[in-house]
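J.: The structure's right below; bear with me while I get my questions together.
Laboratory data are not the source of any read-out in this text; all were calculated from the coordinates shown. Only a predicted model underlies this, so the values are computations on that prediction, with no experimental measurement involved. In this analysis, Cβ positions are derived from the backbone assuming ideal geometry, glycine residues included, and neighbour counts consider all displayed protein chains.
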């Protein structure tokens, strides 16, 4: 049997006073820990607040660096409740992830999000069906970009474009109960087949003729494109590419004649009210290619022209149907990539002594369209020798009554040369006008008679406030005065066209009227010359 050794325990006697002292020590430690924890909590709260403020500030700076510019080009109401909005992105920095379209009837708004983006200079149409407000009461359509910040949050930017929709007329019928075509709405009423004769071009492949049948179409219609081609080698493939409202259309042409005539037919879809261009490309057996662009409507061709200067055309330029265009006082060079397309019944003019130089580009001439040699004029309705830069007229005569040569109209707004008439209903309103006038411009309003494109507030002719000497009895027999008089308005300077008394001469000083002390009692402008009710003139 194993004997276990007994263990001895030593007990320590603890007094009550010692226990109390231990509790006090523990309380101090706990209190210290609590204070530390409170400091940590407060510091965390402060950091969260500061972090949010800094983050919001940085996000504000992040948004502030964007110069995104979205513009609503046009809009149309179709079938009662469908609204088509055409948006263009102008040059400007900034990446965005979508857009908010805001439709308003003046009291209520309906916001529809569109998760689409546009590249710079891109134009696209969007179709919406409104459910909260009626299109018949539609007043404005606005657009605001949606950004994604570096924090991952989304932010809606300021409204960058707004469109007045109060005057929109719904498309549905043309008055005869028949549907209105898209381009009939744009002014191409009654147009059918358009036949272009094409000249110019270099290389082994050249387009000589192109036909669009018909020009004016509705969704669901059949449309045919036909091209005539000359080529050194056999053409093996002809295709076309068209960017529609929300999609792209690629068509494969079929050879319908051994004379290299190719054609394709398609059912129109995804089209509304924008302009459309079909790019046709032909490839031969040697791998050579050439392209041409067919337009379904007109483009801003004349915007490329500055009369009085030469133009090198390196892009597509399309005249409007039944329109007059051209260059007055300059040469036209159509370089590689340049295409001058004259739509049906349109004219392109150039002056005697000037030239149209083909340098790798092409010219496509539509039915009844022509290139003419002569002069271009703008209408001078008020006979002041200046005209606005709109509404060209062609003539073989060097001068026309009531007209001004287009080359004499400067469309470049510079301080030294700006010759556009800003108000063709008032002969006094014209470039270089230096006179002041007491009434607003006839038919135009405002006082910018000099047609200065940088004009801000009107310049007033008289801007000084005048006063008369004030006489008073300084002592018995002595007439004194408070101040000498000044020439100017008898009161505050009035606004343009407003009448007020004007002090031409403030009169005599009170002391010079010795012996007529009664003036000190009842007259404050002794001998003053005052023009009553002078009207403020401006320019």
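J.: Could you calculate the contour length gain from residue 164 to residue 123, that is, 0.36 nm times the residue separation minus the distance between their Cα atoms, to one decimal place in nm?
T.: Between residue 164 and residue 123, full extension yields 12.9 nm more.
J.: Hey, another quick one. With the Cα gyration tensor of region 69-164 giving a ≥ b ≥ c as the square roots of its eigenvalues, does the rule (a/c under 1.5 for rounded; else a/b larger than b/c for prolate; else oblate) give rounded, prolate or oblate?
T.: prolate
J.: Which value in nm describes the separation of the simple spin-label points at residue 465 and residue 281, placed 7 Å from the Cα toward the beta carbon?
T.: 7.3 nm
J.: Using a/c under 1.5 as the rounded threshold, could you call region 301-373 rounded, prolate or oblate? The axes a ≥ b ≥ c are square roots of the C-alpha gyration tensor eigenvalues, and prolate needs a/b larger than b/c, oblate otherwise.
T.: Judged from the Cα gyration tensor, region 301-373 comes out oblate (a/c at least 1.5, b/c at or above a/b).
J.: Points 7 angstrom from Cα along the Cβ direction at residue 372 and residue 209: gap in nanometres?
T.: 2.6 nm
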